[in-house]
Amino acid sequence: MLDWFGRWMATRLQSESSGYEPYTPSDPETLERTLRPGDVLLVEGNQRISGVIKYLTQSTWSHAALYVGDVLDEPDDGSERPRLIEVNLGEGCIAVPLGKYRTYNTRICRPSGLTGPDRRAVIDFMIGKLGTRYDMKNIVDMLRYFLPYPPVPVRWRRRMISFGSGDPTRAICSTLIAQAYQSIRYPILPDVVTLPGHMTAQSTYSRREVLHIRHHSLFTPRDFDLSPYFRIIKPTLEYGFDYKLLNWQTDGEEMRNAQSVPEEPSATES
């Protein structure tokens, strides 16, 4: 009964919100050409749970997936090859094609200076987690996401996201990616040190917060965006961009173009 109830809750939480439209939709071909294995793809989701995660993290990004390239086999049915590994509520760790996020706002976060062996180790870590399932009986993990805007103080919001019984039951996708990078000792958030050239936390609350979120279970998609060790890659700028080549249309031109369009003949005239 608990398992059935958990699946019902997961389905409700993953239902999409109506009226979502990406501000700058990604060009799938350019996005695929830009991505490199090991990149973290952040997604602005439009599911019910996405709105709660964006509220709790105070961020645009509610989902994260790891790009693994062509290491996974092509499906037998001829469909698109899965190139992303992600963790979804109710599904666990799965591989999905890049086309899944064709109509979403996305952002590429690329680890700087990552070596080839470490890149492969991160990918192997994620591949090894494929098939890890979400424990539907742990319904306490899901109940808190039914509140659209939980009245939770800022200092407790991150802990509310990670609250659960263990790693396999985490609803937040970014925790597994953080665990993969921590397995090769690659930093995501800054260390709390006072050294030239290092980021430092100025307040007692900031230092305590950074110490808390060093554990992989407390990382959120927003942390890859804010990390000083991940570069933000924008596909439209990677292959040459010249603003002088843009064609701008003024309001007057729009009016003239509208007036110059011939009207279609009516049924009686034809």
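The values are calculated or read from the model by the stated rules, or taken from the named source; none is laboratory data. Predicted model, so just to flag it, every value in this text is computed and none were measured. Note: ideal-geometry Cβ built from the backbone for every residue, glycine included; neighbour counts use all protein chains shown. Keep in mind that these areas ignore ligands, DNA and RNA; they rest on the heavy atoms of the full protein, side chains included. Shrake-Rupley method; radii C 1.70, N 1.55, O 1.52, S 1.80 Å.
Please indicate, with yes or no, whether at least one residue in the range 54-68 is among the basic types (Lys, Arg) and at pLDDT 95 or above. No, every residue in the range 54-68 fails to be among the basic types (Lys, Arg) and at pLDDT 95 or above. Residues being touching a Leu at 6+ places or on another chain (Cβ under 7 Å), at pLDDT 90 or above, part of a loop (DSSP other than H, G, I, E, B) and small (Gly, Ala, Ser) are represented in the range 29-43 by at least one member. Inside the range 83-98, residues that are open to solvent by 20 Å² or more (accessible area, probe 1.4 Å) and at pLDDT 90 or above make up a count of 4. Inspect the range 73-82 for any residue being under 19 Å from ILE232 (Cα atoms) and either assigned to a strand (DSSP E or B) or open to solvent by less than 20 Å² (accessible area, probe 1.4 Å) (or both) and give the result as yes or no. No: zero hits.
Within the range 115-146, count every residue that is outside any helix (DSSP H, G or I), open to solvent by 40 Å² or more (accessible area, probe 1.4 Å) and modelled with pLDDT under 95.
7
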